[in-house]
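Report on one structure; see the data block that follows.
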Amino acid sequence: MARKLTPERQKLRLDAIRLRQELGWSNRAIMVHLSLPETTIQRWLHHDSIPSLSHNSTPLSLNNIYCMDCLDGLRRLPHNSVDMVFADPPYNIGVNYGDTSLDRHEAYFDWCSEWFRAVKRILRPGGAFYVMHYPEYCAYWLPRLRAIRLTFQRWITWHYHSNVGQSPNNWTRSHRAILYCVKGHTPKTFNGLADPQPYQNPTDKRIQENLKRRPGVVPYDVWEYNLVKNVSQQKEPTPNQLPEALLRRIILTSSNEGDLVVDPFVGSGTTIVVAKQEKRQYIGFDINADYIEVARRRLNGL
(Lines give C-alpha, C1' and ligand atoms only; values in the text may rest on other atoms or scores of the structure.)
Protein backbone atom coordinates (compact mmCIF):
# COMPACT_ATOMS: atom_id res chain seq x y z
CA MET A 1 0.00 0.00 0.00
CA ALA A 2 1.45 3.39 -1.00
CA ARG A 3 2.38 5.72 1.83
CA LYS A 4 0.49 9.02 2.08
CA LEU A 5 2.76 11.95 1.23
CA THR A 6 3.39 14.61 3.82
CA PRO A 7 2.29 18.15 2.86
CA GLU A 8 5.91 19.05 2.13
CA ARG A 9 6.42 15.99 -0.11
CA GLN A 10 3.09 16.60 -1.84
CA LYS A 11 4.25 20.16 -2.65
CA LEU A 12 7.51 18.79 -4.06
CA ARG A 13 5.57 16.29 -6.17
CA LEU A 14 3.35 19.04 -7.60
CA ASP A 15 6.46 21.11 -8.32
CA ALA A 16 7.95 18.14 -10.19
CA ILE A 17 4.77 17.67 -12.22
CA ARG A 18 4.66 21.38 -13.04
CA LEU A 19 8.28 21.41 -14.19
CA ARG A 20 7.59 18.41 -16.46
CA GLN A 21 4.22 19.55 -17.87
CA GLU A 22 4.76 23.28 -18.24
CA LEU A 23 8.49 23.52 -18.91
CA GLY A 24 9.34 20.08 -20.26
CA TRP A 25 12.25 19.46 -17.87
CA SER A 26 13.94 16.07 -17.88
CA ASN A 27 13.90 13.76 -14.84
CA ARG A 28 17.54 14.56 -14.16
CA ALA A 29 17.00 18.33 -14.30
CA ILE A 30 14.05 18.04 -11.90
CA MET A 31 16.10 15.80 -9.59
CA VAL A 32 18.91 18.37 -9.37
CA HIS A 33 16.53 21.32 -8.97
CA LEU A 34 14.50 19.71 -6.16
CA SER A 35 17.43 17.81 -4.57
CA LEU A 36 15.57 14.49 -4.73
CA PRO A 37 16.66 10.98 -5.80
CA GLU A 38 15.96 10.21 -9.46
CA THR A 39 14.01 7.08 -8.45
CA THR A 40 11.58 9.33 -6.54
CA ILE A 41 11.10 11.58 -9.55
CA GLN A 42 10.52 8.57 -11.78
CA ARG A 43 7.91 7.17 -9.37
CA TRP A 44 6.07 10.48 -9.13
CA LEU A 45 5.98 11.09 -12.89
CA HIS A 46 5.13 7.60 -14.16
CA HIS A 47 1.63 6.47 -13.25
CA ASP A 48 -1.26 4.73 -14.97
CA SER A 49 -3.32 7.71 -13.80
CA ILE A 50 -1.87 10.87 -15.34
CA PRO A 51 -2.02 13.59 -12.68
CA SER A 52 -3.69 16.93 -13.31
CA LEU A 53 -2.39 20.18 -11.85
CA SER A 54 -5.93 21.44 -11.32
CA HIS A 55 -7.50 20.70 -7.94
CA ASN A 56 -10.94 21.08 -9.58
CA SER A 57 -10.49 18.43 -12.27
CA THR A 58 -10.45 14.66 -12.23
CA PRO A 59 -7.16 12.99 -13.28
CA LEU A 60 -7.27 11.35 -16.69
CA SER A 61 -6.94 7.58 -16.89
CA LEU A 62 -5.30 5.76 -19.72
CA ASN A 63 -7.57 3.74 -22.02
CA ASN A 64 -10.56 5.99 -21.57
CA ILE A 65 -12.52 8.60 -23.53
CA TYR A 66 -13.91 11.82 -22.08
CA CYS A 67 -16.82 14.09 -22.94
CA MET A 68 -14.97 17.39 -22.80
CA ASP A 69 -13.55 20.10 -25.00
CA CYS A 70 -10.30 19.02 -26.61
CA LEU A 71 -8.38 22.03 -25.29
CA ASP A 72 -9.42 21.25 -21.74
CA GLY A 73 -8.47 17.60 -22.22
CA LEU A 74 -5.13 18.24 -23.89
CA ARG A 75 -4.11 20.69 -21.14
CA ARG A 76 -4.48 17.89 -18.58
CA LEU A 77 -1.97 15.64 -20.32
CA PRO A 78 1.69 15.83 -19.29
CA HIS A 79 4.36 17.38 -21.45
CA ASN A 80 6.19 14.86 -23.70
CA SER A 81 3.86 11.99 -22.76
CA VAL A 82 2.12 11.00 -26.02
CA ASP A 83 3.54 8.92 -28.88
CA MET A 84 1.01 9.66 -31.62
CA VAL A 85 -1.94 12.00 -32.21
CA PHE A 86 -4.54 11.63 -34.94
CA ALA A 87 -7.06 14.43 -35.43
CA ASP A 88 -10.05 14.70 -37.73
CA PRO A 89 -11.52 17.97 -36.40
CA PRO A 90 -14.81 19.71 -37.20
CA TYR A 91 -14.57 20.87 -40.81
CA ASN A 92 -16.19 24.32 -40.48
CA ILE A 93 -18.36 23.66 -43.55
CA GLY A 94 -21.80 23.69 -41.93
CA VAL A 95 -21.98 20.11 -40.63
CA ASN A 96 -23.49 20.03 -37.14
CA TYR A 97 -21.02 18.37 -34.74
CA GLY A 98 -22.72 19.78 -31.64
CA ASP A 99 -20.78 23.09 -31.55
CA THR A 100 -21.51 26.06 -33.82
CA SER A 101 -19.19 28.60 -32.17
CA LEU A 102 -16.48 28.45 -34.86
CA ASP A 103 -18.30 29.50 -38.00
CA ARG A 104 -16.02 32.42 -38.89
CA HIS A 105 -13.09 31.51 -41.14
CA GLU A 106 -10.28 33.22 -39.21
CA ALA A 107 -11.69 32.22 -35.84
CA TYR A 108 -11.62 28.60 -37.01
CA PHE A 109 -7.94 28.71 -37.98
CA ASP A 110 -6.98 30.58 -34.81
CA TRP A 111 -8.72 27.85 -32.82
CA CYS A 112 -6.84 25.19 -34.81
CA SER A 113 -3.53 26.89 -34.03
CA GLU A 114 -4.39 26.79 -30.34
CA TRP A 115 -4.95 23.04 -30.22
CA PHE A 116 -1.98 22.46 -32.59
CA ARG A 117 0.21 24.03 -29.90
CA ALA A 118 -1.40 21.82 -27.25
CA VAL A 119 -0.68 18.73 -29.40
CA LYS A 120 2.96 19.73 -29.82
CA ARG A 121 3.37 20.14 -26.05
CA ILE A 122 2.11 16.64 -25.22
CA LEU A 123 3.99 14.79 -27.99
CA ARG A 124 7.23 13.04 -27.13
CA PRO A 125 10.28 14.08 -29.17
CA GLY A 126 9.82 12.41 -32.55
CA GLY A 127 6.13 11.79 -31.85
CA ALA A 128 3.80 11.74 -34.85
CA PHE A 129 0.89 14.08 -35.56
CA TYR A 130 -1.62 13.29 -38.31
CA VAL A 131 -4.37 15.80 -39.07
CA MET A 132 -7.05 15.43 -41.75
CA HIS A 133 -9.19 17.84 -43.74
CA TYR A 134 -9.99 18.88 -47.29
CA PRO A 135 -6.88 20.02 -49.20
CA GLU A 136 -7.75 23.72 -49.27
CA TYR A 137 -7.93 23.75 -45.46
CA CYS A 138 -4.67 21.83 -45.12
CA ALA A 139 -3.03 24.49 -47.29
CA TYR A 140 -3.95 27.05 -44.61
CA TRP A 141 -2.83 24.72 -41.83
CA LEU A 142 0.64 23.97 -43.14
CA PRO A 143 2.26 27.39 -42.43
CA ARG A 144 0.66 27.41 -38.99
CA LEU A 145 2.12 23.99 -38.19
CA ARG A 146 5.53 25.13 -39.39
CA ALA A 147 5.26 28.32 -37.33
CA ILE A 148 5.10 26.27 -34.11
CA ARG A 149 8.03 24.14 -35.33
CA LEU A 150 6.26 20.89 -36.04
CA THR A 151 8.26 19.28 -38.84
CA PHE A 152 6.22 18.53 -41.93
CA GLN A 153 6.94 15.04 -43.28
CA ARG A 154 4.37 14.24 -45.97
CA TRP A 155 1.09 15.33 -47.57
CA ILE A 156 -0.96 12.13 -47.83
CA THR A 157 -3.97 11.87 -50.11
CA TRP A 158 -6.85 9.63 -49.13
CA HIS A 159 -8.82 8.84 -52.30
CA TYR A 160 -12.27 7.29 -52.10
CA HIS A 161 -15.02 6.39 -54.55
CA SER A 162 -18.43 7.91 -54.04
CA ASN A 163 -21.75 8.36 -55.81
CA VAL A 164 -22.68 11.44 -53.79
CA GLY A 165 -21.45 15.02 -53.66
CA GLN A 166 -21.82 15.63 -57.40
CA SER A 167 -21.42 19.29 -58.35
CA PRO A 168 -23.08 20.89 -61.40
CA ASN A 169 -20.35 23.51 -61.77
CA ASN A 170 -17.15 22.02 -60.36
CA TRP A 171 -15.12 18.82 -60.28
CA THR A 172 -16.56 16.26 -57.90
CA ARG A 173 -14.52 15.85 -54.75
CA SER A 174 -13.15 12.36 -54.08
CA HIS A 175 -10.26 12.80 -51.67
CA ARG A 176 -9.09 14.31 -48.40
CA ALA A 177 -5.66 15.37 -47.29
CA ILE A 178 -3.75 14.11 -44.25
CA LEU A 179 -0.79 16.15 -43.04
CA TYR A 180 1.88 14.05 -41.33
CA CYS A 181 4.21 15.97 -39.01
CA VAL A 182 6.60 15.09 -36.20
CA LYS A 183 7.89 16.88 -33.13
CA GLY A 184 11.58 17.44 -33.81
CA HIS A 185 13.45 16.56 -36.97
CA THR A 186 12.87 12.83 -37.35
CA PRO A 187 10.14 10.37 -36.31
CA LYS A 188 10.89 8.20 -33.31
CA THR A 189 8.78 5.41 -34.84
CA PHE A 190 8.13 4.63 -38.51
CA ASN A 191 7.25 1.01 -39.17
CA GLY A 192 7.04 1.44 -42.92
CA LEU A 193 6.30 -2.21 -43.67
CA ALA A 194 3.73 -2.72 -40.91
CA ASP A 195 0.98 -2.35 -43.55
CA PRO A 196 2.83 -2.79 -46.85
CA GLN A 197 1.51 -1.79 -50.23
CA PRO A 198 1.45 -4.75 -52.65
CA TYR A 199 4.00 -4.80 -55.45
CA GLN A 200 2.92 -3.83 -58.94
CA ASN A 201 3.38 -6.58 -61.55
CA PRO A 202 3.66 -9.45 -59.04
CA THR A 203 4.26 -11.96 -61.88
CA ASP A 204 7.50 -10.23 -62.89
CA LYS A 205 10.50 -12.44 -62.03
CA ARG A 206 12.32 -9.65 -60.19
CA ILE A 207 9.23 -8.88 -58.12
CA GLN A 208 8.82 -12.57 -57.31
CA GLU A 209 12.36 -12.56 -55.90
CA ASN A 210 11.50 -9.50 -53.81
CA LEU A 211 8.36 -11.23 -52.53
CA LYS A 212 10.55 -13.90 -50.96
CA ARG A 213 12.02 -11.22 -48.69
CA ARG A 214 9.02 -8.99 -47.97
CA PRO A 215 5.33 -8.86 -48.92
CA GLY A 216 5.33 -5.38 -50.45
CA VAL A 217 6.76 -1.87 -50.26
CA VAL A 218 6.45 1.09 -47.93
CA PRO A 219 3.10 2.63 -48.97
CA TYR A 220 3.08 5.56 -51.37
CA ASP A 221 1.41 8.80 -50.30
CA VAL A 222 -1.87 8.21 -52.15
CA TRP A 223 -4.13 5.77 -50.32
CA GLU A 224 -7.39 4.23 -51.49
CA TYR A 225 -9.99 3.26 -48.90
CA ASN A 226 -13.76 3.20 -49.30
CA LEU A 227 -15.91 5.56 -47.29
CA VAL A 228 -18.03 4.06 -44.52
CA LYS A 229 -21.31 4.58 -46.35
CA ASN A 230 -24.79 4.93 -44.89
CA VAL A 231 -25.75 1.48 -46.21
CA SER A 232 -22.76 -0.18 -44.51
CA GLN A 233 -23.45 -2.49 -41.55
CA GLN A 234 -20.55 -0.77 -39.75
CA LYS A 235 -22.03 2.75 -40.13
CA GLU A 236 -22.70 4.54 -36.87
CA PRO A 237 -25.16 7.44 -36.40
CA THR A 238 -22.40 10.05 -36.63
CA PRO A 239 -21.18 12.11 -39.61
CA ASN A 240 -17.82 11.50 -41.22
CA GLN A 241 -17.07 8.01 -39.85
CA LEU A 242 -13.58 6.94 -40.94
CA PRO A 243 -12.66 3.46 -42.22
CA GLU A 244 -10.76 1.32 -39.72
CA ALA A 245 -8.22 0.26 -42.37
CA LEU A 246 -7.05 3.87 -42.81
CA LEU A 247 -6.47 4.36 -39.07
CA ARG A 248 -4.85 0.93 -38.80
CA ARG A 249 -2.19 1.90 -41.35
CA ILE A 250 -1.42 5.12 -39.48
CA ILE A 251 -1.35 3.57 -36.00
CA LEU A 252 0.72 0.53 -37.00
CA THR A 253 3.23 2.71 -38.83
CA SER A 254 3.72 5.50 -36.29
CA SER A 255 3.39 3.70 -32.94
CA ASN A 256 4.33 0.45 -31.22
CA GLU A 257 2.43 -1.80 -28.84
CA GLY A 258 2.02 -0.09 -25.49
CA ASP A 259 2.44 3.42 -26.95
CA LEU A 260 -0.06 6.15 -26.12
CA VAL A 261 -2.35 7.32 -28.95
CA VAL A 262 -4.54 10.41 -28.47
CA ASP A 263 -7.53 11.56 -30.52
CA PRO A 264 -8.80 15.06 -29.63
CA PHE A 265 -12.01 14.59 -31.69
CA VAL A 266 -13.22 11.06 -31.04
CA GLY A 267 -16.37 11.20 -33.19
CA SER A 268 -17.55 7.65 -33.84
CA GLY A 269 -14.42 6.29 -32.12
CA THR A 270 -12.52 4.68 -34.99
CA THR A 271 -9.07 5.85 -33.82
CA ILE A 272 -9.68 4.59 -30.30
CA VAL A 273 -11.17 1.28 -31.46
CA VAL A 274 -8.18 0.52 -33.71
CA ALA A 275 -5.72 1.60 -30.99
CA LYS A 276 -7.29 -0.90 -28.61
CA GLN A 277 -7.33 -3.65 -31.26
CA GLU A 278 -3.62 -3.08 -31.92
CA LYS A 279 -2.67 -3.09 -28.21
CA ARG A 280 -1.95 0.61 -27.92
CA GLN A 281 -2.86 2.77 -24.92
CA TYR A 282 -5.36 5.51 -25.77
CA ILE A 283 -7.09 8.66 -24.56
CA GLY A 284 -9.78 10.54 -26.48
CA PHE A 285 -12.01 13.61 -26.17
CA ASP A 286 -15.22 14.85 -27.74
CA ILE A 287 -17.67 17.57 -26.72
CA ASN A 288 -20.63 15.61 -28.08
CA ALA A 289 -22.05 13.20 -25.50
CA ASP A 290 -23.87 11.20 -28.18
CA TYR A 291 -20.59 10.53 -30.01
CA ILE A 292 -18.92 9.45 -26.78
CA GLU A 293 -21.79 7.02 -26.22
CA VAL A 294 -21.31 5.54 -29.71
CA ALA A 295 -17.53 5.22 -29.23
CA ARG A 296 -17.94 3.55 -25.82
CA ARG A 297 -20.40 1.06 -27.25
CA ARG A 298 -17.91 0.18 -29.99
CA LEU A 299 -15.11 -0.23 -27.45
CA ASN A 300 -17.27 -2.43 -25.22
CA GLY A 301 -18.01 -4.63 -28.21
CA LEU A 302 -14.35 -5.54 -28.76
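The values are calculated or read from the model by the stated rules, or taken from the named source; none is laboratory data. Quantities reported herein were computed from a predicted structural model and do not represent experimental measurements. Ideal geometry is used to build each Cβ from the backbone, glycine not excepted, and the neighbour counts take in all protein chains shown.
A few notes on this one:
Yes/no matrix, rows are residues, columns are (1) at negative phi; (2) out of contact with any Pro (no Cβ under 8 Å at 6 or more places or on another chain):
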residue: A147; (1), (2): yes, yes
residue: T151; (1), (2): yes, yes
residue: W155; (1), (2): yes, yes
residue: H161; (1), (2): yes, yes
residue: Y180; (1), (2): yes, yes
residue: G184; (1), (2): no, no
residue: K188; (1), (2): yes, no
residue: N191; (1), (2): yes, yes
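- Criterion: at pLDDT 95 or above and within 18 Å of N226 (Cα to Cα) - qualifying residue of L247, L260, L252: L247
- Count of region 159-195 residues which are over 18 Å from Y225 (Cα atoms), modelled with pLDDT under 95 and among the aromatic types (F, W, Y): 1
- Qualifying residue in region 235-255 (condition: closer than 19 Å to R297 by Cα, without any contact (Cβ under 8 Å) to a residue 40 or more places away in the chain and β-branched (V, I, T)): no
- Members of region 142-195 that are touching a Lys or Arg at 6+ places or on another chain (Cβ under 7 Å) and assigned to a strand (DSSP E or B): L150, F152, W158, Y180, K183
- Pairs where the first residue, in region 185-211, is of a type in the set (F, W, Y) and the second is assigned to a helix (DSSP H, G or I) and at pLDDT 80 or above, C-beta under 7 Å, 6+ apart: F190/T253; F190/S254
- Candidate set from region 142-158 (those that are at pLDDT 95 or above and of a type in the set (A, V, I, L, M)); member that is nearest to R173 (Cα to Cα): I156
Rundown of residues vs (1) modelled with pLDDT of 95 or more; (2) buried (at least 16 other Cβ atoms within 10 Å of the Cβ); (3) part of a helix (DSSP H, G or I), yes/no style:
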| site | (1), (2), (3) |
| --- | --- |
| F265 | yes, yes, no |
| S268 | no, yes, no |
| T271 | yes, yes, yes |
| G284 | yes, yes, no |
| V294 | no, yes, yes |
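- Filter result for A139 (modelled with pLDDT of 95 or more, among the aliphatic types (A, V, I, L, M) and not in a strand (DSSP E or B)): yes
- Scope region 196-213; condition under 23 Å from E224 (Cα atoms) and in a helix (DSSP H, G or I); matching residues: I207, L211
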